[in-house]
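Please find one structure pasted underneath; my questions will follow.
Rule-based calculations on the coordinates, nothing more; no lab input. For clarity, every value in this text was computed on a predicted model and none was experimentally measured. Because the Cβ atoms are built from the backbone with ideal geometry, glycine has one as well, and the counts that use them run over all protein chains shown.
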C-alpha cells in the first residue's frame, strides 16, 4: 500500500533525533571537556565566549547535513523553506537541552567559583568603560540580584537554553534558505521522490536475488486520492470493502474485498497510483521469499524502461521507485521490509 508520506514523517523524526543527539553530544561533550581549562585559567571570560560560540556553530552545523539528507534521500531532491526550518529548529531544541544539561553538571562542580569569576569580569569591564562610583554601586545591587536568581536551577536552565538556541535558529534559517534550491549541492545520484528508505539492521530479509523474466511484483493495490475520506470509506463499504489497515485520523485507509485492495488517501498526492507491495501478501502480511526491489529495478532498466525515480541500490530493506506508463499513470513499487 502507498505509505510514502507516512514513512517520510517517520524518517524526518529519525533524522531529527539522530542529528540532534549528534549536535548535543558535540556541544555538551566539549563543554564538559573544557571545564578543567576554566579551572586552570586557560579559558576565561575574555576568550571563553569565542570558544563557546565556535563550539556551538560547529555542533549545529549538522543541521545543514540533516536538511540535505532529508531533501536528497527522502524528498526527491527538493524541500520547502518551512520544512527545512522545522528540521533545523527541532535539532536545535534537542542539542540545546543536552547543552543545558551539560552545564548543570558542570555548574555543580564549580558553581560558586564560576559566579565569582563572572562577577569579577563584569565589574572589570564596567571600570574599563569608565563607570562612576554611583554606577558601580547600582551595578553591585543589580548583579547581586541576578546572581541570586541564577542559583535557581529552572531559571539557570532557561538562561543556558537561550545562549545556544538563537545560534541554531540562525543556522536553520540559512541552511533552509540554501537547500530549498534543488540545484544547490544536488545529489550526485538519482534519488527517490516521496519515498522512505529505512535501514534494516538486525533482521535481514530472505529475499530471492535470482534473475528471472517472471517478475514477482507482490500484492497489487490501487491507491486512490480522495477529497473526503469519510465519504469514500462509506461508499466503498457499500461495495463490500472492509477496512484492512490505515488510520482515518491520519487521512488514509486500506480496504479490501476478497482479493481486491484499495488505498484511500486524502491530501497526500495528486493522482491515483498503481501499487505493487513487494514482500507482502494480499492481507499485508510478510511473505517468506520475494524478489528484492533492487533486482526488479535492474531488470526493468535492462529492458529499456526509464524510471521516474530509483531505489538506492547500495541499501537493503525498505525502498521504493516509480515507473510511468505510456499514458502517464504512476506505478509505485514499494518494498516494506
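Show that you can apply the helix-only estimate: for the chain, add -39,500 (n - 2.57) for every DSSP H stretch of four or more residues, divide by all residues, and state [θ] at 222 nm to the nearest 500.
Values: 8 runs with 176 residues, N = 337.
Only helices count here, giving -18000 deg cm²/dmol.
Sticking with this one: Can you tell me how much longer the chain between residue 154 and residue 51 gets when fully stretched, taken as 0.36 nm per residue apart minus their C-alpha distance, in nm with one decimal?
Extra length from residue 154 to residue 51 when fully extended: 34.6 nm.
Let me ask another. Could you check the simple spin-label distance between residue 173 and residue 271, using points 7 Å along Cα→Cβ, in nm with one decimal?
It is 3.9 nm.
Here's something else I'd like to know. Please check: in the Gaussian network model of the chain (C-alpha springs, under 10 Å), which one of 168, 240, 77 has the largest mean-square fluctuation.
Greatest mean-square fluctuation among the candidates belongs to 240.
Please work out which option in [x] 276; [y] 143; [z] 193 gives volume of the Cα convex hull per residue in Å³ calculated from these coordinates, and answer with its label.
Only one option fits the structure, namely [z].
If you don't mind, there's one more thing I want to ask. Report, for the range 217-337, the % of DSSP beta bridges that are antiparallel, rounded to 5. List each step's numbers first, then the result.
Numbers: 25 of 36 bridges.
Counting only bridges with both partners in the range 217-337, antiparallel ones make up about 70 percent.
Continuing with the same structure: Can you grab the distance from the C-alpha centre of the range 249-277 to the C-alpha centre of the range 286-317, Å, no decimals?
Between the Cα centre of the range 249-277 and that of the range 286-317, the gap is 22 Å.
Whole number please: convex hull volume per residue of the Cα set in the range 8-179, in Å³? Each step should come with its number before you reach the end.
Working: hull volume 21.3 nm³, N = 172.
Output value, Cα hull per residue: 124 Å³.
Also, I was wondering about something else. Need one number: % antiparallel among DSSP beta bridges in the chain, to the nearest 5. Each step should come with its number before you reach the end.
Numbers: 25 of 38 bridges.
Of those bridges, close to 65 percent are antiparallel.
How far is helix 133-150 tilted, in degrees, relative to the longest principal axis of the Cα atoms in the chain, given as a value from 0 to 90 rounded to the nearest 10?
Result, in degrees: 40.
Label the range 66-167 by shape, choosing from rounded, prolate and oblate, from the square roots a ≥ b ≥ c of the eigenvalues of the Cα gyration tensor; if a/c is under 1.5 it is rounded, and otherwise prolate applies when a/b is larger than b/c, oblate when it is not. Please list the in-between numbers first.
Values: a/c = 3.88, a/b = 2.41, b/c = 1.61.
Since a/c reaches 1.5 and a/b is larger than b/c, the shape of the range 66-167 is classed as prolate.
Give me the percent relative contact order of the range 8-179, please, defined on Cα pairs under 8 angstrom at least 6 residues apart. The partial results should precede the final answer.
Values: 159 pairs, mean separation 65.6, N = 172.
Relative contact order of the range 8-179: 38 percent.
Let me see the P(r) profile for the range 207-335: every Cα-Cα distance counted, bins of 5 Å, each bin given as a percent of all pairs.
2, 10, 19, 21, 18, 15, 9, 5, 1
A further question on this structure: Roughly how tilted is helix 4-40, in degrees to the nearest 10 and between 0 and 90, from the longest Cα axis of the chain?
It is inclined by approximately 20 degrees.
Please determine, in degrees from 0 to 90 and to the nearest 10, the orientation of helix 229-238 with respect to the longest principal axis defined by the Cα atoms of the chain, where the helix direction is its Cα long axis.
30 degrees
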